[in-house]
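Everything on this sheet refers to the single structure shown next.
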Amino acid sequence: MLTGLTLTEARAGLAARTFSARELAKAHLDAIARLNPTLNAYITVLPEETVLAQADAADARYAAGTAGLMDGLPIGIKDLFCTKDVRTTAASAILAEFVPPYESTVTAKLLKEGAVFLGKTNLDEFAMGSANTSSAFGATTSPWRRTGEPDVALVPGGSSGGSSAAVAAGLALAATGTDTGGSIRQPAAYCGIVGLKPTYGRCSRWGVIAYASSLDQAGPMTRSVADAGLMLEAMAGFDERDSTSSSRPVPAFHKAVGKSVKGLKVGIPTEYRAPGLPEDVLAMWEQGIAWLREAGCEVVDVSLPHTRYGLTSYYIIAPAECSSNLARYDGIRFGKRVDAPSLDAVYEASRAAGFGAEVRSRILMGTYVLSAGYYDAYYLKAQKVRTLIRRDFEQAFENVDVLLTPTAPSAAFAQGENQNDPVQMYLNDIFTVPASLAGIPGLSVPVGLNNAGLPLGLQVLGRHFDEETVLSVGGALEAAAGFAHRPTLHAGAGA
Amino acid sequence: MSYVIEGQTGLWEIVVGLEVHAQVISHSKLFSGASTTFGGDPNTQVSLVDAAFPGMLPVINHTCVAQAIRTGLGLNAQINLTSRFDRKNYFYADLPQGYQISQFEHPIVGTGTISIELANGETRSIGITRLHLEQDAGKLLHDQDPTKSFVDLNRAGVALMEIVSEPDIRAPEEAGAYLRKLRQILRYLGTCDGNMEEGSMRADVNVSVRKAGEPFRTRCEIKNVNSIRFVMQAIEAEAARQVEIWENGGTVDQETRLFDHTKGETRTMRSKEDAHDYRYFPDPDLLPLVLEQDWVDSLRAALPELPDAKRARFQQEYGITFYDAGVLVAEQAVADYYETVARGRDGKLAVSWVTGDLFAALNRTSNTIETSPVSAASLGKMLDLIADGTINGKIAKEVFEDMVETGEAPEAIVERKGLRQVTDTGAIDAAITSVLDKNADKLAEYRSGKDKLFGFFVGQVMKETKGKANPALVNEALQARLNG
Amino acid sequence: MSLDLATTRRIAKLARIGLEDAELEATTLKLNTILGWIDQLAEVNVDGVPPMVGTETEALRQREDVVTDGNCRDALLACAPETAGPFYTVPKVVE
Ligand SMILES: [Mg+2]
Ligand SMILES: [Zn+2]
């Protein structure tokens, strides 16, 4: 089944000419045609001839022996990455018709390595959300169903929910995501795939539509840990156009998977054992700990005392940055414009009509916490707490090599659940946000199903720029878990 | 201080601080690779970054940082080895990002001073509060369409230095002197061309009034005044307005105003309910700007000699007056010209030629020092001809005018016109004989005691020699003949 | 701390988002729920703690002063909802 392969398997098949890149691409286009109307994982699917032309070029490179790291591999691109001459919407009405005349650094690198782009995947509007319900192009539905509840549509997680659904359902071999507070890891966990948020600065942000600049980081969403390493290798690297891009060399990440983890020290943050954490999540975490012990790791408890303030700081810092980052959507140079008699009226009407409710309220929250009289109490305080959270991690990493936590406090929930209480919704990010604030890498690995038959993920966190150890430990978890479950809806299912 | 406003309730003094926006001389913008050239076709010098397209990011220009440091050093200011960029958030049609990247809490340059000289010869020191780097905005055109304003982003993102003074200025004249001095320093440093007409230097003027000994009262900011004369006029008009309000029992509101130079008055610019709340916060797209002390030191070592130092040296080295030295250093090109003329020659003679005959000639021919028809080297050569006795001072005037007209070398002119000074005593004696013969009556008068006629005889002998005789020799020979 | 309607109105004005009255009320409610939760930050002692600015992984790099960009007016203006000749346009602004 061509749509069920890992990147690594597909690359081997292409190299051996077992199948062609054209066949591989065609299989995915067919799957998209069948399942996307139900899942709504893609906002834009590229025209068949465009996709097949990319695939044919890849086949030619395989024939010539010049294939790149991602050559011929059909992937989805989160619709937050600007793609030249391909509509890029950020799932917002304000950019519904925006066709960038430029290609983001990350997607340009993927193209250079031969990747075949299938289309632009759905997301929460401007990446603000954890359920992929705030898209102006409609919610993405998870391909998973609870056992015995075939009619209850679940969320794929967010904000990279289109990407996680597409990869899980066989509508792409892999996809790009972006993670600001958990937007790669949480949807990966909800959809039973692998998601890697690299160290801040590892992947260029140039051409990625900004949500919160000090937190945004692009990363791969794949079916295996090795795939995540492979794809990160293609995405990462210094970019002189991004002042926050790291100049560190990019290691051969895919080689980190399969390396022995014997003797590594794994920390278990005691503060993550939050009261009310569901039994199934707790059990899966214990299982993960046991697996790593069996693999030869030494497991120790560590303390990250400021954990509970991570989420609150995040919901000050991210809205503050977004309120400023989204000021450029004003209806003048690009995007939606609503005509009105005065300049201010054009701004107000265009932004009211162009932004959805969640984006509007985050902009307003951010405007408030930065405004005169409140800056010190909110924004400055949050930035100081951020320092404490970073220090927590640095201290922990003096004693341990990685940390192991659940990725999310629950499995995927139903569309419409948690919608009325914003704080309840934000709590989905409780385990992913601290790493974003500290800028450290985090990997979510699917490790099993809960009682309702939904996937659960565990998160491995590592030191700044130590994705290799994170991948090694993730690989060990993956090997022990042997997660081979498929969602209810997937391209390989009898249709 | 001598500038006061006489009100009905007594004397008022004015308190003025200036915020000058100086456009940094650089090839490309502060955070993008688009050109900064003045006068390009609309929206051609705009990159995706300048137009704030989604996902675009700023990367700072090394030269702009260097220019800010050099300017700070030129203002005797503290250079902050760690500074930071903040976003100043507001919506306007000329501001694509919806925020200006500026430096709010941690500017690159801290406190410094500028010393100014007033018409009465007095000098004063005006404090500099800070200098920071920030982006310029685009330009709006209001007269192209009845219902629309047009937006040109060529200037959006060009680097500005905002140079903020302490409220140390107490007279319109001082404000003028401050701006001229600042512009002079910027030009010497080559960090800003100081061209106010093209908008590369603009001033925001903060004005308040108070009675002697009082603390500061409320100030108003007059935005974007674009000439030194208007700054001085705006201060006078605004101070008078404020005195009138206070004296009529009112209160001055802190607000932003504009100067209308046709009416000679200031008017309010933004209403209070529109009060801005800029929501400054550190720009998360940029990291703190950390400077190496070594780099700052090397920039300091490479600074050109600045006006005050040059003026002192000119006085010392060339023996000229403080006033003359001031005139010469006002513009670096003049100072350089002078120095080429004066080096190894008579500095006083050189200053009189440069500020006298040369300036007059430049004026008359609508030239600047850069386009002078007489090069510094040939003016120097001419002074050499005077010094070695080839020509005398009087003939030199004639030679100089010829140089202005023809651009020829002085030696060539002297040869062509046969202006070489007569030093042959035989020829001078012959001329004296001829003069005395023709003026027997005057000679008799002289002999009978009318000493003053000596000058007459000198003049006549010079005339007889067509001005070419060496005046000292003429004097000597006449003394011998008349009194011998 | 909690928001009143007037503050939400002021914030919406600052953010240039035109809100209907009904939405203004719903937004105030929502923001207050979040702010109530955020108030727990008051418990944290941050005496002497510097704010974390950016992610502090690198020093700021500086670009050479070379013209490498611009001259792309057609591509820029093609994205604009309204233009006139070489210009972007906005409703007339009175200064
Ligand atoms: Mg100002
Ligand atoms: Zn300024």
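Using +1 at the Cβ of each Lys and Arg and -1 at the Cβ of each Asp and Glu in the range B:305-417, identify which of B:318, B:329, B:390 lies farthest towards the dipole's positive end.
Value computed over the given set: B:318.
Heavy atoms only, probe 1.4 Å: what % of the accessible area of chain A goes to carbon and sulfur, would you let me know?
Accessible surface attributable to carbon and sulfur in chain A totals 51 percent.
Assuming R0 = 25 Å, what is the FRET efficiency of residue A:1 and residue A:147, from their Cβ-Cβ distance, to the nearest 0.05?
Plugging the Cβ-Cβ distance into 1/(1 + (r/R0)^6) gives 0.60.
Under a plain spin-label model, where a point goes 7 Å from the Cα along Cα-to-Cβ, how far apart in nm are residue A:48 and residue B:293?
A separation of 7.0 nm, rounded to one decimal place.
What lysines could a cross-link reach from residue B:442, if we take a straight Cα to Cα line under 22 Å and drop same-chain neighbours fewer than 8 places away?
Counting by Cα, and skipping residues close in sequence, residue B:442 has these lysines nearby: B:450, B:452, B:463, B:466.
Any idea of the accessible area per residue across the range A:317-363, 1.4 Å probe, to the nearest Å²?
21
Whole percent per 10 Å bin, from 0 to the bin with the longest distance: what is P(r) over all C-alpha pairs of chain A?
Going out from 0 Å in 10 Å bins, chain A shows 4, 22, 33, 27, 12, 2, 0 percent.
What's the local net charge at residue A:178, with K and R +1, D and E -1, over the other residues with C-beta under 10 Å away?
It works out to a net charge of +1.
Would you compute, for the Cα atoms of chain B, the largest minus smallest coordinate along each principal axis and list the three values in descending order, in whole Å?
95, 57, 51
How far is the Cα center of the range A:248-291 from the Cα center of the range A:137-164, in Å?
Using only Cα atoms to place each centre, the spacing works out to 26 Å.
How tilted is helix C:5-14 with respect to the longest principal axis of chain C? Cα atoms for both, answer in degrees (0 to 90, nearest 10).
20
Counting only other chains, what is the mean number of Cβ atoms within 10 angstrom of the Cβ of each residue in peptide B:28-40?
Across the residues of B:28-40, the mean count of other-chain Cβ atoms within 10 Å is 4.
Probe radius 1.4 Å, ligands and nucleic acids ignored: give me the carbon and sulfur share of the accessible area of the range B:425-482 as a rounded percent.
Using a 1.4 Å probe with all protein chains present, the range B:425-482 comes out at 54 percent carbon and sulfur.
Can you give the local net charge around residue B:446? Use residues other than it whose beta-carbon is closer than 15 angstrom to its beta-carbon, Lys and Arg +1, Asp and Glu -1.
Combined, the nearby Lys, Arg, Asp and Glu give +2.
Using a probe radius of 1.4 Å on heavy atoms only, what accessible surface per residue do you get for the range B:4-297? Whole Å² is fine.
In whole numbers, the range B:4-297 has 37 Å² accessible per residue.
To the nearest 20 debye, what is the magnitude of the charge dipole of the protein assembly as shown about its Cα centre, counting +1 on the Cβ of each Lys and Arg and -1 on the Cβ of each Asp and Glu?
The calculated dipole for the protein assembly as shown is roughly 720 debye.
Rg (Å, one decimal) plus Dmax (Å, integer) for the alpha carbons of the range B:373-484?
Gyration radius and largest Cα-Cα distance of the range B:373-484: 16.4, 52 Å.
From the residues B:375, A:338, B:245, which one has its Cα farthest along the dipole of the protein assembly as shown in the positive direction, the dipole being from +1 and -1 charges on Cβ of Lys/Arg and Asp/Glu about the Cα centre?
Value computed over the given set: B:375.
Any chance you could give the angle, 0 to 90 degrees and rounded to 10, that helix B:453-464 forms with the longest Cα principal axis of chain B?
90
Does the range B:187-324 come out rounded, prolate or oblate, given a ≥ b ≥ c as the square roots of the eigenvalues of its C-alpha gyration tensor, rounded meaning a/c under 1.5 and, failing that, prolate meaning a/b above b/c?
oblate
For B:317, C:20, C:58, give me the order by solvent-accessible area with a 1.4 Å probe, most accessible first, ignoring ligands, DNA and RNA.
C:20, B:317, C:58
List the chymotrypsin sites (Phe, Trp or Tyr not before Pro) within the range B:155-249 that fall in a DSSP loop (any state other than H, G, I, E or B) and whose Cβ has at most 12 other Cβ atoms within 10 Å.
Passing sites in the range B:155-249 are B:216.
Could you name the lysines whose alpha carbon sits less than 18 Å from that of residue C:13, not counting residues in the same chain fewer than 8 places away?
B:88, B:272, C:30
Taking amide H positions as placed 1.01 Å from N in the peptide plane, with prolines and chain starts having none, which residues 5 or more places from residue A:442, or on another chain, fall under 5 Å of its amide H?
It is A:197, by chain and number.
Just to verify a number: FRET efficiency for residue A:283 and residue A:30, C-beta to C-beta distance, R0 = 45 Å, to 0.05?
0.70
Cα atoms only: what Rg and Dmax, in Å, come out for the range B:305-417?
13.7, 43
Where q = 0.12, 0.30 Å⁻¹, what log10 of I(q)/I(0) comes from the Debye formula for the range B:425-482, counting one point per Cα?
Values, matching the q order: -0.23, -1.39.
Roughly how far apart, in whole Å, are the Cα centres of the range B:117-152 and the range B:4-28?
13
Hey, if you drop one equal point scatterer on each alpha-carbon of the range A:341-406 and run the Debye formula without solvent, what base-10 log of I(q)/I(0) do you get at q = 0.17 Å⁻¹?
Ignoring solvent entirely, the Cα scatterers give -0.80.
What's the local net charge at residue A:374, with K and R +1, D and E -1, over the other residues with C-beta under 11 Å away?
Once positives and negatives cancel, what remains is 0.
With the cut-off at 21 Å, tell me which of the pairs B:397/B:468; B:29/B:148; B:223/B:263; A:84/A:197; A:78/A:197 have Cα atoms farther apart than that.
B:29/B:148; A:84/A:197
Order the following by accessible area, largest value first: A:413, B:104, B:456. Probe radius 1.4 Å; ligands, DNA and RNA are ignored.
Reading off the accessible areas and sorting them downward yields B:104, B:456, A:413.
State which stretch of chain B is the longest one without any exposed trypsin sites (Lys or Arg not before Pro), exposure meaning a DSSP loop state and at most 13 other Cβ atoms within 10 Å.
B:1-262
When you have a sec, figure out the Kirkwood radius of the range B:250-337 from all distinct Cα pair distances and drop it here in Å to one decimal?
One over the average 1/r among Cα pairs gives 19.1 Å for the range B:250-337.
Angle between the Cα long axis of helix B:376-387 and the longest principal axis of chain B, 0 to 90 degrees, nearest 10?
30
Determine, from the Cβ-Cβ distance of residue B:398 and residue B:367 and an R0 of 30 Å, the FRET efficiency 1/(1 + (r/R0)^6), rounded to the nearest 0.05.
0.90
How many nm separate the modelled label positions at residue B:214 and residue B:302, each set 7 Å beyond the Cα in the direction of the Cβ?
About 5.1 nm, to one decimal.
Can you give the Rg and Dmax of the protein assembly as shown based on its C-alpha atoms, in angstrom?
So, for the protein assembly as shown, Rg and Dmax equal 38.2, 144 Å respectively.
Mind pulling the per residue volume of the convex hull built on the Cα atoms of chain C? Å³ is fine.
So the per-residue Cα hull volume is 276 Å³.
Test of the criteria: in the range A:3-59, which trypsin sites (Lys or Arg not before Pro) are in a DSSP loop and have at most 10 other Cβ atoms within 10 angstrom of their Cβ?
Qualifying residues, ordered by number: A:17.
Which distance in nm do the two modelled labels at residue B:458 and residue A:38 give, with both placed 7 Å along the Cα-to-Cβ direction?
Rounded to a tenth, the inter-label distance reads 11.8 nm.
The values are calculated or read from the model by the stated rules, or taken from the named source; none is laboratory data. Keep in mind that this is a model prediction, so the values were computed, not measured. Virtual Cβ from ideal backbone geometry, glycine too; neighbours counted across all protein chains shown. Note: areas computed on protein heavy atoms with side chains; ligands, DNA, RNA excluded. Shrake-Rupley method; radii C 1.70, N 1.55, O 1.52, S 1.80 Å.
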